[in-house]
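Colleague: Could you have a look at this structure, given as structure tokens, before my questions?
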Amino acid sequence: MTGSSQWFPDAQSGGRSGRPRWLLSAAAGVALAVVMTSGAAAVPASESDVGAAITTRVFDRATGEPVKGVCVLALPVLTFRLPDACATRSGGGGRVTVEVPGPGQYNLFALPKLDSPYGAQWVGPDGGTGVQRDARQLTLEAGETKSAPHVLLDLRATLRGRLVLRSGVPVDAAAVAIAAPAPGARTAERQAPVGDDGSFTIDWVGPYGWPLLFWGDNFAFQWSGDSATRVRADPVPAMVGDPAPVIHFLRHGARFQVRIHSGSVAADRQLIIYNAGTGEHVGTVTISGQDIVGRLRVSGGQQVKMQCHCARGELWYGGTDFANAIPIKVGHTELLLLDLCDP
């Protein structure tokens, strides 16, 4: 069925619809037929190499001394993902060269080790920042090497907070991070667990304002300021020393369901939801072989794209990869029900 639409019985009349159902818009209580077409997941920047690179040096802002061993990442504008392992660290004299996958616009992110006295930062024109849109933007052509502003490291600071429901009840069994976890990523050391009283601490970032991501069982991924996306989140200030905790409220999010249509019981299927604008992971659900419906929560007020690790391979909703998959609009309170054919 790759590259073609599939027809399903009409949800209300029981007969055949006169149009492919996957062209309908997502609305409250409406069941949509989803055409999933095969295609590989978007390739991370580090997996492609055409020779373009960014060079810079890493210094202690206060002393002016070069700093070795700092991980430096080059990330396409609007995207942010912490790696499982660091490919490039600063060497002698603080020098570092970061390869990029090709022409485009990039930001640099400096990530010191967890035991470093320095904090993480987006690299700005004249110092660090916690907000990607304030970072220095570098535009590269294919095969071009370009110099970036020096990385000026500040001492590490602390983000301390408490996660509660609107009723004031603490939220436990949750996590907090500055970047959305990639599906299956092994970056738990950069995530802060939430205690029984709702408290959390992140102590390895620079002294700037940072968007914070909250998530937990039966809760949607939600950014600080009750935002569905990182780029619209309210930055939370990190302070040197022992700052007072900031209260954050967590919502459950909109209900998102996917119903499997299959001729036989298949192996487990994993559904992964991404923000359509940034490509960041916003939720994952596994549908076991004996079940037909997968349920998760997604923050409303955004458009998402859906990938399925299904019996027929890696499939995308309405496309062959992330770039041409069809966006799904998620409202704030609606029940979104999608039908997926996976014979």
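The values are calculated or read from the model by the stated rules, or taken from the named source; none is laboratory data. Predicted model, so just to flag it, every value in this text is computed and none were measured. Positions of Cβ are backbone-derived with ideal geometry, glycine not excepted, and every protein chain shown enters the neighbour counts. Heads up: the accessible areas ignore ligands, DNA and RNA and are worked out on the full protein's heavy atoms, side chains in. Shrake-Rupley method; radii C 1.70, N 1.55, O 1.52, S 1.80 Å.
Colleague: Out of (1) under 16 Å from residue 88 (Cβ atoms); (2) in contact (Cβ under 8 Å) with a residue 60 or more places away in the chain; (3) surrounded by fewer than 16 Cβ atoms within 10 Å (Cβ to Cβ), what's the single condition that is false for residue 113?
Modeller: (2)
Colleague: What's the number of the condition residue 286 fails, among (1) in contact (Cβ under 8 Å) with a residue 60 or more places away in the chain; (2) polar (S, T, N, Q); (3) out of contact with any Pro (no Cβ under 7 Å at 6 or more places or on another chain)?
Modeller: Of the numbered conditions (1) in contact (Cβ under 8 Å) with a residue 60 or more places away in the chain; (2) polar (S, T, N, Q); (3) out of contact with any Pro (no Cβ under 7 Å at 6 or more places or on another chain), the odd one out for residue 286 is (1).
Colleague: Can I ask one more? Do any strands (runs of 3 or more DSSP E) lying entirely in the range 127-176 carry at least 1 residues that are surrounded by 16 or more Cβ atoms within 10 Å (Cβ to Cβ), and which ones are they?
Modeller: Those strands (runs of 3 or more DSSP E) span 138-140, 151-153, 157-164.
Colleague: Hey, another quick one. Among the residues of the range 305-314, which ones are within 14 Å of residue 183 (Cβ to Cβ) and open to solvent by less than 40 Å² (accessible area, probe 1.4 Å)?
Modeller: Of everything in the range 305-314, those that are within 14 Å of residue 183 (Cβ to Cβ) and open to solvent by less than 40 Å² (accessible area, probe 1.4 Å) turn out to be 305, 306, 307, 308.
Colleague: Identify all residues within the range 192-245 that are in a strand (DSSP E or B) and farther than 23 Å from residue 134 by Cα; write none if there are none.
Modeller: If the condition is that a residue be in a strand (DSSP E or B) and farther than 23 Å from residue 134 by Cα, then 192, 193, 199, 200, 201, 215, 216, 219, 220, 221 are the ones that fit.
Colleague: Restricting attention to the range 210-219, does a residue exist that is at pLDDT 95 or above, out of contact with any Phe, Trp or Tyr (no Cβ under 8 Å at 6 or more places or on another chain) and surrounded by 15 or more Cβ atoms within 10 Å (Cβ to Cβ)?
Modeller: Yes, that holds for at least one residue.
Colleague: For the range 106-136, give me each residue that is more than 19 Å from residue 87 (Cα to Cα) and of a type in the set (D, E, K, R).
Modeller: Listed by number, the residues that qualify are 126, 133, 134, 136.
Colleague: What single numbered condition from (1) at pLDDT below 95; (2) surrounded by 21 or more Cβ atoms within 10 Å (Cβ to Cβ); (3) closer than 21 Å to residue 177 by Cβ fails to hold for residue 44?
Modeller: (2)
Colleague: So in the range 177-191, with the set limited to residues that are modelled with pLDDT of 80 or more and part of a loop (DSSP other than H, G, I, E, B), which one is nearest to the chain's Cα centre (by Cα)?
Modeller: Only one residue fits best here, namely 180.
Colleague: Just give me the residues in the range 230-245 being of a type outside the set (Lys, Arg), open to solvent by 50 Å² or more (accessible area, probe 1.4 Å) and under 23 Å from the mean Cα position of the chain (by Cα), in sequence order.
Modeller: Selection gives 231, 234, 235, 237.
Colleague: Against the definition (part of a loop (DSSP other than H, G, I, E, B), small (Gly, Ala, Ser) and within 20 Å of residue 70 (Cβ to Cβ)), how does residue 116 come out, yes or no?
Modeller: yes
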